[in-house]
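So the structure is just underneath, and the comments pick up after that.
The values are calculated or read from the model by the stated rules, or taken from the named source; none is laboratory data. What you are looking at is a predicted structure, and each value in this text was computed from that prediction instead of being measured. Positions of Cβ are backbone-derived with ideal geometry, glycine not excepted, and every protein chain shown enters the neighbour counts.
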Amino acid sequence: MQDGRTTLSKFLIDTLDRKPGPEVASGLSALLIDVAASIKTIAAALTRGALGAQHGSAHSVNTHGEEQKKLDLVTNDIFLQHCEWDGLLAGMVSEEMEHVYAIAEPYPRGEYLLAFDPLDGSSNIDINGVVGSIFSVLRRGCHQTGAPDDASFLRPGREQVAAGYAIYGPSTMLVLSVGNGTHGFTLERDVGNFVLTHSDIRIPDDSCEFAINVSNERFWEPPVRRYVQECKDGRTGCRAQDFNMRWIASMVAEVHRILMRGGVFMYPRDFKTPEMEGRLRLLYEASPMSFLVEQAGGLSITGRERILDVEPKALHQRVPVILGSRNEVARIQRYHSEYDRGEDKPFTSPLFKERSLFLPETEA
């Protein structure tokens, strides 16, 4: 279903502000409008490309030891400037900030907490590739007062009251959920409105596409290797169908494709860096994307656990992520369970037999 007349503001007023009963989300619609304003400003900055003199390295690293791009810092500041003044937030956390950003005077503090990745896939900037922004909104605990600390944000993803992302491609889209399904809005650039174009997005239960960085295959756990090998075996293997592989190196782009047409995105646990449980950050990448995927009928797991049930232990905690079409994710979860119980069966590709051209003399 598409509706070219419903703006983001109208959608939020109808969905949140006119919602009957005691669960009215006071101020949430206004906060999300501020987030949307951040996204519009970022979209305008990105449109200028190299002409904006903001490409390249900032010659600094973030809290994860990763090189920061100039636009990582610019987009982070855009979020702060658009969202700190309205009296709706108590604090923010971001991939680009080591500590909680508590709202300080002269601005009043509100009842919400915002976690965000201001520029997902920023390594694609210099090649003019697809990038995005991701955000998550929590309501602050009713008994919490004063400046928020780390513990304020360390809540499982199932407690999110809103989550979404922006994708900056040929058109700029905002994909959002406030717990009533997942909905897509396209930026009408000439008037500056986000317009509802993808209402109640549903992920197909089955798919023949998967996205994973195969260069890390040697570090994967056996359940993931098993699943990917079956996909690569195609119609000659046990799945009896061909699969296509995709990899864009931007979580926003990968998840957007899955929401539009189905598929599986995997950034699984691996042993390339043994001390690192996963690669993606829980609070401002995995949790909001999992919220959107589940609201669209898909599944999102670490391999062994529903991501929205993971209890965070640190602001920048990383987790493995496997999400997308329900039946494919359920299969991968089953493979992990069978492996953990020692019940998985050895698998071999029919394309690569144990005895190739060199047969024993008795069979020659």
Next on the checklist: Within the range 219-321, considering only strands (runs of 3 or more DSSP E) that don't extend past its boundaries, which have at least 2 residues that are surrounded by fewer than 19 Cβ atoms within 10 Å (Cβ to Cβ)?
Outcome noted: 244-246
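Taking the range 190-207, which residues are outside any strand (DSSP E or B) and crowded, with 16+ Cβ neighbours inside 10 Å? Full working, then the answer.
So the first thing to find is which residues in the range 190-207 are outside any strand (DSSP E or B), and the list is 190-192, 199-207.
I201, I203, P204, S207, listed by residue number.
Return a yes/no flag: does the range 163-182 have any residue that is out of contact with any helix residue (DSSP H, G or I) (no Cβ under 9 Å at 6 or more places or on another chain), outside the structural domain of R334 (by TED's automatic domain parsing) and of a type outside the set (A, V, I, L, M, F, W, C). Please lay out each step first, then the result.
First pass over the range 163-182, keeping only residues out of contact with any helix residue (DSSP H, G or I) (no Cβ under 9 Å at 6 or more places or on another chain): 170-171.
Still in the running and outside the structural domain of R334 (by TED's automatic domain parsing): 170-171.
Retained after the next criterion (residues that are of a type outside the set (A, V, I, L, M, F, W, C)): 170-171.
Yes, the conditions are met somewhere in the range 163-182.
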Checklist entry - Quick one: which of G110, G181, G164 is in contact with a strand residue (DSSP E or B) (Cβ under 9 Å, 6 or more places away or on another chain), under 17 Å from L292 (Cα atoms), surrounded by 15 or more Cβ atoms within 10 Å (Cβ to Cβ) and small (G, A, S)? => result G164
Checklist entry - Restricting attention to the range 184-191, does a residue exist that is of a type in the set (S, T, N, Q), without any contact (Cβ under 8 Å) to a residue 40 or more places away in the chain and in contact with a Ser or Thr (Cβ under 7 Å, 6 or more places away or on another chain)? => result yes
Next on the checklist: Yes or no: the range 41-58 includes at least one residue that is within 30 Å of E275 (Cβ to Cβ) and either crowded, with 21+ Cβ neighbours inside 10 Å or modelled with pLDDT under 95 (or both).
Outcome noted: yes
